[in-house]
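Everything on this sheet refers to the single structure shown next.
Taken together, the values in this text are just the output of simple stated rules run on the coordinates, not laboratory data. Just so we're clear, the structure is a prediction, and the values are computed from it rather than from any experiment. Reconstructed Cβ throughout: ideal geometry from the backbone, glycine too, with neighbour counts over all protein chains shown.
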Amino acid sequence: MGKFLIVIIAIAIIAGVFIFGAKKSSNQAPVQQGSQSQQVTTSPAQEQKQSEAIVTVTTSGFVPQTLTIKAGTKVVWMNKSGTTVTVNSAVHPTHLAYPPLNLGEFGDGSSVQLGFDKPGTYSYHDHLNPSQTGTIVVE
């Protein structure tokens, strides 16, 4: 009877470790980075908080040129310019003001995205056409 009880307790401990270990690892949010965009995978609770804003890249520049968003918002730049464009942080040509905003080149019909978590003003431009500029204001 004593050995039987020890075996049952050992099985219960092993099962508990397995169940709680699997549950803990499934709650973590992995970060994925693509070659043309930065994407963050979030948990369902985080997804409810995060919203999305769109900036369209046209032949005349970024629309809207200034975008005001709340912290936690993801901005998606959609290229509808008919050519390859870039999104790079100010100041041209060094792009050092906010390096995460250096999203690089992306072709017509594609997009890049970046989440903004901290309040501030973030300036950017199209490195291939530096006269086209934009600003993200995060409140």
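General observations
- Straightening the chain between V91 and N129 buys 12.4 nm, computed as 0.36 nm per residue apart minus the Cα-Cα spacing.
- For N102, the residues 5 or more places off, or on other chains, whose built amide H falls under 5 Å of its own are S89.
- For S110, distant residues with modelled amide H under 5 Å away: N79
- Rounded, prolate or oblate (a/c below 1.5 giving rounded, otherwise prolate when a/b exceeds b/c) for the stretch 42-138 by Cα gyration tensor: prolate
- Ordered by the count of other Cβ atoms within 10 Å of each Cβ, fewest first, D126, D108 give D108, D126.
- Close amide-amide hydrogen proximity is noted between G115 and V75, each under 5 Å apart and 5 or more residues distant or on a separate chain (H modeled in the peptide plane; Pro and chain starts excluded).
- Residue order for L67, L96, fewest other beta carbons within 10 angstrom first, comes to L96, L67.
- The shape of the stretch 81-134 comes out oblate: with a ≥ b ≥ c from the C-alpha gyration tensor, a/c is at least 1.5 while a/b does not beat b/c.
- Taking I14, I69 and counting other C-beta atoms within 10 Å, the order from fewest to most: I14, I69
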